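Q: Here it is, the structure in full.
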Amino acid sequence: MTAFLAKRIGIGLLTLMVASAVVFGVLEILPGDPAQLMLGMNATPEALANLREQMGLNQPVLLRYFNWVGGMLVGDFGRSFTYSSPVIDLIAERVVVSLPLAVISLILSTAIAIPVGIFSAARRGKAADTVSMGAAQIGVAIPNFWFALLLIYVFAVWLRLVSSGGFPGWNAGIWPGIKALLLPAVALALPQAAILARVTRSAMLEVLGEDYIRTARAKGMPRRTVLWRHALRNAMIPVLTILGLQFAFLLAGTIIIENVFYLPGLGRLVFQAITQRDLIVVEGVVMLLVASVVVVNIIVDILYAVVDPRLRIAA
Amino acid sequence: MSMQPLSAEPTGWRALVRMAFANRSFLVGFIITALIAAMALVSFVWTPYDVTHLVVADRMKGLSAEHPFGTDHFGRDILSMIMVGSRNSIAVALVAVGIGMGIGVPLGCWAAARGGWIDEALMRFNDVVFAFPALLSAVMITAIFGPGAINAIIAIGIFNVPVFARVARAGALSLWPREYVLAARASGKGKALITIEHILPNIASILLVQGTIQFALGILAEAGLSYLGLGAQPPMPSWGRMLFDAQTRMMVAPHLAIFPGLAIVITVLGLNLLGDGLRDMLDPKLRRQR
């Protein structure tokens, strides 16, 4: 287990190192000079020189790279040039919107998808299975931002139950905050749930064909117990893989949904930073998101080993 | 699993056609995809109205006999815009799949053929690309290099590369220990030749299935990018852009948001069904399970 963990963490660190080089490199090979890119073509030479100095552009490339990486390791992501505040503060402000949004959608999608997937697998070929998998097939095809528009129309414009966008901030109280995140979370969750339900169903079907399931049934164990205790646990590996991927997607992929609902989250921060050419913010947020993907992957690997003892011994 | 008699199944084209008709997913998916493709082709020679023609007096009209899907805020016919927009969606997604296959498949085959550190290095680099949030990176690429259909293609295509590399490698790895490959090696053929003659034809079917899936994902990604204003630029109509324009006008004209969205859903649904059907037809193991 320790060796297994060490290997996974090693690969994670390697991924982060290469990723940091890629992010830094891409912004380095950009045509023209970053200061010019950020300030635009009409910038005065003094402003350019100032920014170059502030960004340390006059130093050699390698030194700048190590300064950047070293800074991030101690939580210094540099200073945003459009917001004129430290990038880490901006991130902290936005994470409190994006993280709850991702967590609520993940809970929603799991709560819908896993029961539906199991139910469908248990009734394979019956009407209930056909209907729920048909619905899932359509759900996979729905772009989440279009679904978001429909939700806004029904619940905000028509029924006037919630506001169509914006975020009051957590200072306004927990409930108003969650209420503002509800529609975006549903919009994100349903297409994800459709994918997850399909994966759960096919994983369950695979397991239900195994000999030990028949043995469990043959010795008189009730169907329900076999389904939940034997089958589900063994079907968890592919389900966990998709869950991990989806959480990573939700953290970063909210970029469009946050724009639809005018939510001040990480996605919107990075989108605005990109359009305003605030590259320091872009670099910082992208690295943070890559790091969270790596961490989620390691957690998923650990969960594999928890779910399946064979993996513990093999590693 | 029940035992199945080993009947002498008919082979060749006739069997394939019979299988296609028996497979509901494939049949429905194929019809939808063919209709969408036909719509895109027809739009080159005929649309109900000219999509660059603005009729301010007719703006945001509801559904009518003249405009079955209504008109937008410039008085353009929505049906015509959806028809022309389909070209953009299909072109972007198709070329992005081409980029992914063109680079990813040779890389995956190379990794499988060589093994060792080359394989390891390529797969680790794959992991790195997978760790980048795809949509965010696509937004970054289009924003930095400028919005437009070409950059959207590149941005979506880059993230197809590791997908195809992984699928091709996995398929090729399972083939290398086979007897007929060993026989080819024993006869002195080089790895490149074996890959072309024996590996590629045998992984073509899984690549085709993956291709339809990535095609569908590409359509969704393109819609997302053009919704953010980073895809095809006006006056070229695109489905995502139409949804963006619809958002602020939804209170007065909900039909603006309905039809472009439905176009996306139907296209993606058709491609996904096609992919599912192909997989069932090409993978005998799955076929028996169902």
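Q: State whether the residues of the stretch A:304-311 include one that is within 22 Å of the chain's Cα centre (by Cα), more than 9 Å from chain B (Cβ to nearest Cβ) and buried (at least 17 other Cβ atoms within 10 Å of the Cβ).
A: Yes: one or more hits.
Q: Given the conditions (1) away from every other protein chain (no Cβ under 14 Å); (2) among the β-branched types (V, I, T); (3) under 30 Å from A:F155 (Cβ atoms), which single one is not true for A:V226?
A: Evaluating A:V226 over (1) away from every other protein chain (no Cβ under 14 Å); (2) among the β-branched types (V, I, T); (3) under 30 Å from A:F155 (Cβ atoms) leaves (3) as the failure.
Q: Here is a follow-up. Please determine whether any residue of the stretch A:66-76 is of a type in the set (V, I, T) and farther than 18 Å from A:V285 by Cβ.
A: no
Q: Tell me which helices (runs of 4 or more DSSP H) are completely within the stretch A:74-151 and hold 1 or more residues being buried (at least 20 other Cβ atoms within 10 Å of the Cβ) and outside the structural domain of A:I255 (by TED's automatic domain parsing), or say none if there are none.
A: Per the criteria, A:87-122.
Q: Only one of (1) acidic (D, E); (2) modelled with pLDDT under 80; (3) in contact with a Ser or Thr (Cβ under 9 Å, 6 or more places away or on another chain) is not met by A:E53, so which one is it?
A: (3)
Q: Can you name the condition, by its number, that B:M242 falls short on among (1) more than 14 Å from every other protein chain (Cβ to nearest Cβ); (2) on the phi < 0 side of the Ramachandran plot; (3) more than 16 Å from the chain's Cα centre (by Cα)?
A: (1)
Quick grid of which residues meet (1) among the hydrophobic types (A, V, I, L, M, F, W, C); (2) crowded, with 17+ Cβ neighbours inside 10 Å; (3) under 22 Å from B:V265 (Cα atoms); (4) within 21 Å of the chain's Cα centre (by Cα):
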position	(1), (2), (3), (4)
B:I32	yes, yes, yes, yes
B:A40	yes, yes, yes, yes
B:M83	yes, yes, yes, yes
B:S86	no, yes, yes, yes
B:M101	yes, yes, no, yes
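Q: If you don't mind, another one. Give me the pairs, please: first residue somewhere in the stretch B:31-60 and closer than 30 Å to B:G277 by Cβ, second residue anywhere and among the basic types (K, R) and surrounded by 13 or more Cβ atoms within 10 Å (Cβ to Cβ), beta-carbon distance under 7 Å, and either six or more positions apart or on two chains.
A: Taking only residues 6 or more apart or on different chains, the pairs are B:A40/B:R87; B:S43/B:R87.
Q: Under 28 Å from A:A136 (Cα atoms), of a type in the set (A, V, I, L, M) and either away from every other protein chain (no Cβ under 14 Å) or touching a residue at least 24 places away in the same chain (Cβ under 8 Å) (or both): does that describe A:L269?
A: No: the conditions fail for A:L269.
Q: In the stretch A:189-204, is there at least one residue being in contact with a helix residue (DSSP H, G or I) (Cβ under 9 Å, 6 or more places away or on another chain) and basic (K, R)?
A: Yes, the stretch A:189-204 contains at least one residue that is in contact with a helix residue (DSSP H, G or I) (Cβ under 9 Å, 6 or more places away or on another chain) and basic (K, R).
Q: Any residue at all in the stretch B:200-220 that's under 15 Å from the mean Cα position of the chain (by Cα), part of a helix (DSSP H, G or I), among the hydroxyl-bearing types (S, T, Y) and modelled with pLDDT of 90 or more?
A: Looking through the stretch B:200-220, at least one residue is under 15 Å from the mean Cα position of the chain (by Cα), part of a helix (DSSP H, G or I), among the hydroxyl-bearing types (S, T, Y) and modelled with pLDDT of 90 or more.
The values are calculated or read from the model by the stated rules, or taken from the named source; none is laboratory data. Remember, it's a predicted structure, so these values are computed and weren't measured experimentally. For neighbour counting, all protein chains shown are included, and Cβ atoms are generated from backbone atoms with ideal geometry for every residue, glycine included.
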